[in-house]
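Worksheet: one structure, shown below.
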Amino acid sequence: MRLASLLELLPPERTRLLDNLGRLRREVGPITPELSDALADRMNLRHGDVHEVVSFYSFLQLPVDAVRVCTGPICDCAGSRALLSESAIEVPCLGHCELAPVVLHGDDVLGGVAHTTNDGPSLGLGRTDETLADHEARGGLDLLRDLPPGDRIVAELKASGLTGYGGAGFPAGLKWEAVRREPGPRVVVVNADEGEPGTIKDRYVMELRPHLLLEATLIAMHAVEATEGYIYIREEYAAARGRLAAAIDEFRAAGLLDGVSLELVIGAGAYICGEETAMLESMEGRRGMPRLKPPFPSQSGHLGRPTLINNVETLAHIPAILRNGGGWWAELGDPGVRLWSVTGAVARPGCYEAPNGIVLRDLIDEYAGGLTGEPGAIVPGGAASGILPPAALDVPLTREALAEWGCGVGSAAVQVFPASYSPLRLLAETMRFFAEESCQKCTPCRIGNRALHHVAEELEHGRAPMSRSQVEEWLEAMALTSICGLGQGAPIPVRNAFQHWPEFFEKMPA
């Protein structure tokens, strides 16, 4: 299709800028300054406004058939750097950590997708629904046909003790209640942009149970009386994107979307857009840079309207909670159950449904097939959750128990590294990820992560470029003054390394 003809088909609204750029990349090629200017003219935007968005999402400048090699910590440990070449592009994480080392050729995951999710104690999130009829056959859609009032839904969520499973852990019932209190119109946004190394659970839900996610999203829209819904999905999840698009078509054909709109918004490879306000900025056609809070999205979110934002897995639990009661769900764990991403040096890397509060060793042995050798460092819940020593294998995975080790549950992304992979190398790769994925908006995060990456790399080579007191000063500044969770959480693994592996820092002057 000629460029002029394609441009005429693209919607002119600013909120469609990222979608339009993605379509141009797929159908024309990498976004050049000339393409950017042509789109700006079509959308009646300043050329600079579009250029700054393109420069933020570097993925937009890649060929559609680019070969991308993941060098996140798990893939680095699996030898991914040996796969790099002049034609391959290094990227921080591709969200398929159970297949490490991971390579994407265009949208294709080389090696295929390993679905190893177990059926679990309650929700059956590991069973696949190929069609809407499959979902309906196991009781899906019953709730949509006889939805309880919004206040009753909120009461069940409160009784369940369900918290957000994206990492922050805010009580879901309180969040839904807060949105309901605000004057309409209201919006629901599904955060499907999981990008933290080791975190793969939302991808599993979308690939295996897309109809369940859509049903849960419609329940949320009903509960907060919203007629607009959006699913913001990371670009690297092509299979999940296809499954969701097909499921949306099925829901529409069945009349389940009558009176409401539900749209997919495709990201462009920025981890920071997993932060809810950065995601909103991206949806509105700007760089994905976090907003200052307050106001919170529940007060002023998408286009200034009260917005309910939950990640995929949080929503996936809602139908079972409403069907069986919040009290029932709470008793399944500490409270409830969740999906745990388990990758690295285990026999069966994958995604497993297990109770909250399960002991780390039990999760590895009973679900992931056990360790494949002597363990080294262990990440309990994603890069920002911290780093544990092997001595922590018998710790319950709860906020309280992990806090005693200076860590957290985070996004439940358990990464097990072999003893042969130095914790100092893990720290360096973790800080490199944060440095590369920082949006650069606030100085402590922008400079601090790069400095900490440099310190860890230098220590790997036996050099100490900074004193311990200087590093501690950086860590405190980042934790206290960074705008969002990326800069606030980045100091955690550094402090864990100081605590659990002091021998690596003996060369640092006090």
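For the reader, a short list of remarks on this structure follows.
- Residue check, residue 448 at positive phi and either touching a strand residue (DSSP E or B) at 6+ places or on another chain (Cβ under 8 Å) or touching a residue at least 24 places away in the same chain (Cβ under 8 Å) (or both): no
- Region 428-486: number of residues that are closer than 24 Å to residue 408 by Cβ and hydroxyl-bearing (Ser, Thr, Tyr): 4
- The residues of region 332-346 that are more than 24 Å from residue 231 (Cβ to Cβ) and modelled with pLDDT of 95 or more, listed by number, are 342, 343, 344, 345, 346.
- Filter pass, residue 238 being out of contact with any Cys (no Cβ under 7 Å at 6 or more places or on another chain), outside the structural domain of residue 351 (by TED's automatic domain parsing), touching a residue at least 60 places away in the same chain (Cβ under 8 Å) and more than 30 Å from residue 414 (Cβ to Cβ): no
- Among the residues of region 330-357, those that are closer than 26 Å to residue 73 by Cα, among the aliphatic types (A, V, I, L, M) and crowded, with 21+ Cβ neighbours inside 10 Å comprise 339, 342, 345, 346, 354.
- Candidates in region 79-111 are the residues that are out of contact with any Leu (no Cβ under 9 Å at 6 or more places or on another chain) and among the hydrophobic types (A, V, I, L, M, F, W, C); of these, the one that is surrounded by the most Cβ atoms within 10 Å (Cβ to Cβ) is 97.
- Listed conditions (1) under 16 Å from residue 132 (Cβ atoms); (2) touching a Pro at 6+ places or on another chain (Cβ under 8 Å) are all met by residue 258, apart from (2).
- Count of residues meeting criterion [aliphatic (A, V, I, L, M), modelled with pLDDT of 95 or more and surrounded by 23 or more Cβ atoms within 10 Å (Cβ to Cβ)] in region 364-387: 6
- Residue within region 370-387 that is polar (S, T, N, Q) and under 30 Å from residue 136 (Cα atoms) present: no
- Residue that is farthest from residue 163 (Cα to Cα) [pool: residues in region 326-376 that are among the polar types (S, T, N, Q) and in a strand (DSSP E or B)]: 343
- Taking each residue of region 300-316 that is of a type in the set (Asp, Glu) and looking for partners that are part of a helix (DSSP H, G or I) with beta-carbon atoms closer than 8 Å, six or more apart or interchain, yields 313/201; 313/202; 313/205.
Per-residue answers, yes or no, for (1) among the aromatic types (Phe, Trp, Tyr); (2) in contact with a strand residue (DSSP E or B) (Cβ under 6 Å, 6 or more places away or on another chain):
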{"position": "297", "(1), (2)": "no, yes"}
{"position": "300", "(1), (2)": "no, no"}
{"position": "309", "(1), (2)": "no, yes"}
{"position": "316", "(1), (2)": "no, no"}
{"position": "319", "(1), (2)": "no, no"}
{"position": "322", "(1), (2)": "no, no"}
{"position": "328", "(1), (2)": "yes, no"}
{"position": "339", "(1), (2)": "no, yes"}
{"position": "346", "(1), (2)": "no, yes"}
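- Test result for residue 420, farther than 30 Å from residue 99 by Cα and surrounded by fewer than 16 Cβ atoms within 10 Å (Cβ to Cβ): no
The values are calculated or read from the model by the stated rules, or taken from the named source; none is laboratory data. What you see is a predicted model, and the numbers here were worked out from it, not measured in a lab. Backbone-built Cβ (ideal geometry, glycine too); neighbour counts: all protein chains shown.
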